[in-house]
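Here is the structure we will look at.
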Amino acid sequence: MEAKAVAKYVRMSSSKLKPVTDLVRGKDLNEALTILKFTPGKGSELIEKVVKSAAANAENNHEMDPDKLYVAEINANQGPTMKRWRPGAQGRAGMILKRTSHIYVTLKEREAAVKPAKETKKEEVR
C-alpha cells in the first residue's frame, strides 16, 4: 500500500530542489518533516507541503498508520521552461529562462520486521 502526492509547475528549478529531496529520501515521516522544517530555503517549504499532502492522503484515503510511514520515493523533475525577453544594449535582447519543476512523493508503510534470534554459541579463539 502506498500514498502519493504531486505538485506540478512549481516555480523553482529542479536543480535547487534535488539536494533537499536527497535529504529526506528513505527517512521516517516525522524525521523527514523535521528535517524539512529546519532546512533553510524556499525549496524545503515546497517539498514539506507535498510530503504533508501525501501523509494526509495516506491517513484519510488509504487508512494507513502515520507512525509507520516513510518516504519511499521522492523526485523533483524538470517541468516546462517559460521563456522571457529582456532588453539588452544596442538594441539586442537577452533570453531569460524561468524554470519550473514537478515534485513527486510516495509514502509507504514500514513492515514490522522480525528480528532473527541471536546465536548463543561463542566462537573459540585459538
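We did not get these values from a lab; they are worked out from the coordinates using the rules stated. Since the model is a prediction, treat every value here as computed from it, not as a measurement. Note: ideal-geometry Cβ built from the backbone for every residue, glycine included; neighbour counts use all protein chains shown.
Some observations on this one:
- Amide H contacts under 5 Å for M12: S101, restricted to partners 5 or more places along the chain or on a different chain, H placed in the peptide plane at 1.01 Å from N.
- Using alpha-carbon coordinates, inclination of helix 14-24 to the longest axis of the chain, degrees: 20
- Options Y9, A54, A72, ranked by Cα towards positive dipole end of region 1-82, top entry (Cβ charges): Y9
- Quarter of Cα convex hull surface for the chain, i.e. mean projection, nm²: 14.2
- Against the chain, whose longest principal axis comes from its Cα atoms, helix 42-60 is set at around 50 degrees.
- Helical runs (DSSP H, four residues minimum) scored at -39500 (n - 2.57) apiece and divided by the length of the chain put the mean residue ellipticity at 222 nm at -10000 deg cm²/dmol.
- Working from the Cα coordinates of region 36-97, the gyration tensor eigenvalues give, after taking √(5λ), semi-axes of 41, 13, 9 Å in decreasing order.
- Other-chain or far-sequence residues with amide H under 5 Å of K27's (modelled H): V71
- Longest site-free stretch - the chain; sites: GluC sites (Glu not before Pro), DSSP loop, at most 16 other Cβ within 10 Å: 1-62
- Between helix 29-38 and the chain there is an angle of about 40 degrees, using the helix long axis and the longest principal axis of the Cα atoms.
- Phi angles of region 101-110 translate, via the Karplus equation with coefficients 6.51, -1.76, 1.60 and θ = phi - 60°, into HN-Hα couplings of 9, 10, 10, 10, 10, 10, 10, 10, 8, 6 Hz per residue; Gly and Pro are given as x.
- If you model region 3-46 as an ellipsoid using its alpha carbon gyration tensor, with each semi-axis the square root of five times an eigenvalue, the axes come out at 17, 13, 9 Å, biggest first.
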